[in-house]
1. So, in region B:29-70, how many residues would count as being of a type outside the set (Asp, Glu) and part of a loop (DSSP other than H, G, I, E, B)?
2. Got a number for residues in region B:43-69 being out of contact with any Leu (no Cβ under 7 Å at 6 or more places or on another chain), within 14 Å of chain A (Cβ to nearest Cβ) and exposed (fewer than 15 other Cβ atoms within 10 Å of the Cβ)?
3. Would a scan of region A:6-28 turn up a residue that is outside any strand (DSSP E or B), surrounded by 15 or more Cβ atoms within 10 Å (Cβ to Cβ) and under 15 Å from the mean Cα position of the chain (by Cα)?
4. Hey, can you tell me all the residues within region B:94-116 that are buried (at least 18 other Cβ atoms within 10 Å of the Cβ) and modelled with pLDDT of 90 or more?
5. Mind telling me which of the residues B:37, B:42 ends up being touching a residue at least 40 places away in the same chain (Cβ under 8 Å) and of a type in the set (Lys, Arg)?
6. Which of the following residues is modelled with pLDDT of 95 or more and farther than 25 Å from residue B:92 by Cβ: A:79, A:56?
7. Could you list all residues from region B:33-42 that are open to solvent by less than 10 Å² (accessible area, probe 1.4 Å) and over 9 Å from residue B:74 (Cβ atoms)?
8. Just to check your reading of the model, which residue among A:63, A:70 is in a loop (DSSP other than H, G, I, E, B) and either more than 10 Å from chain B (Cβ to nearest Cβ) or of a type in the set (D, E, K, R) (or both)?
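The values are calculated or read from the model by the stated rules, or taken from the named source; none is laboratory data. Treat the numbers as computed from the prediction; the structure is a model and nothing was measured. Neighbour counts run over all protein chains shown; Cβ positions are idealised from the backbone, glycine included. SASA here: full protein model, heavy atoms, side chains in, ligands and nucleic acids out. Shrake-Rupley method; radii C 1.70, N 1.55, O 1.52, S 1.80 Å.
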Amino acid sequence: GENVEQHPSTLSVQEGDSAVIKCTYSDSASNYFPWYKQELGKGPQLIIDIRSNVGEKKDQRIAVTLNKTAKHFSLHITETQPEDSAVYFCAARRNNNDMRFGAGTRLTVKP
Amino acid sequence: SQTIHQWPATLVQPVGSPLSLECTVEGTSNPNLYWYRQAAGRGLQLLFYSVGIGQISSEVPQNLSASRPQDRQFILSSKKLLLSDSGFYLCAWRRGDRVVVRTEAFFGQGTRLTVV
């Protein structure tokens with residue numbers, strides 16, 4: 001089955017700096033890669049996603065890149081703000097029901 | 001618009017007691033439904049998914065079971081809880097029709113279960 005690894009497990013940045021979280025996946029048949037943000041005590045919320053036929057996608061301060069050959073994808077947050085502090089999860093899905101999550105990255109943005 | 005409700009938000013249960021967590025989805029029909037567990041400091045582990053009433057697929061063998069008595073209702077159960085069942089349980093849904101524009105999953109707010 002699919003195995004998703006996520007790094008780093010914790011990340012601390014100064015407000016205004018950029019943050020990058022990286023994930024690798026094992027199943028070359030995976031074709032959908034969402035990123036979720038989970039605030040304390042809440043369920044994960046989708047923030048951005050990318051399909052395997054796209055190499056990069058951007059939404060305001062958030063961007064995701066995908067390298068299918070290397071089987072890795074990354075989340076980039078620019079101009080970080082304290083409200084960006086949360087746990088971020090990457091995921092990879094092969095079919096409609098098999099979505100595997102990374103272990104999560106706790107991002108802390110220091111004001 | 002679609003919404004997902006999950007309850008209770010927190011639950012403390014003794015070892016050996018039964019469990020029933022409920023999840024309902026509104027504003028859509030024939031959704032795919034999922035139960036995930038999140039252990040402290042770890043990622044999300046898929047426990048069960050369902051593509052229709054009475055159709056349950058289990059990802060990992062364990063002390064838990066799931067049922068889907070109605071189209072938009074998904075229940076997670078246990079007859080006898082173990083200490084290791086403690087965790088944060090999340091219900092999620094996705095559009096179940098074949099023609100989907102977006103394929104993301106939407107999560108409920110979660111249930112924090114503590115088995116004592």
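1. 15
2. Summing the residues that are out of contact with any Leu (no Cβ under 7 Å at 6 or more places or on another chain), within 14 Å of chain A (Cβ to nearest Cβ) and exposed (fewer than 15 other Cβ atoms within 10 Å of the Cβ) in region B:43-69 gives 4.
3. Among the residues of region A:6-28, not one is outside any strand (DSSP E or B), surrounded by 15 or more Cβ atoms within 10 Å (Cβ to Cβ) and under 15 Å from the mean Cα position of the chain (by Cα), which makes the answer no.
4. Passing the criteria: B:107, B:108, B:110, B:111, B:113, B:115.
5. B:37
6. The match here is A:79.
7. Within region B:33-42, just B:36 meets the criteria.
8. One residue alone meets the criteria, A:70.
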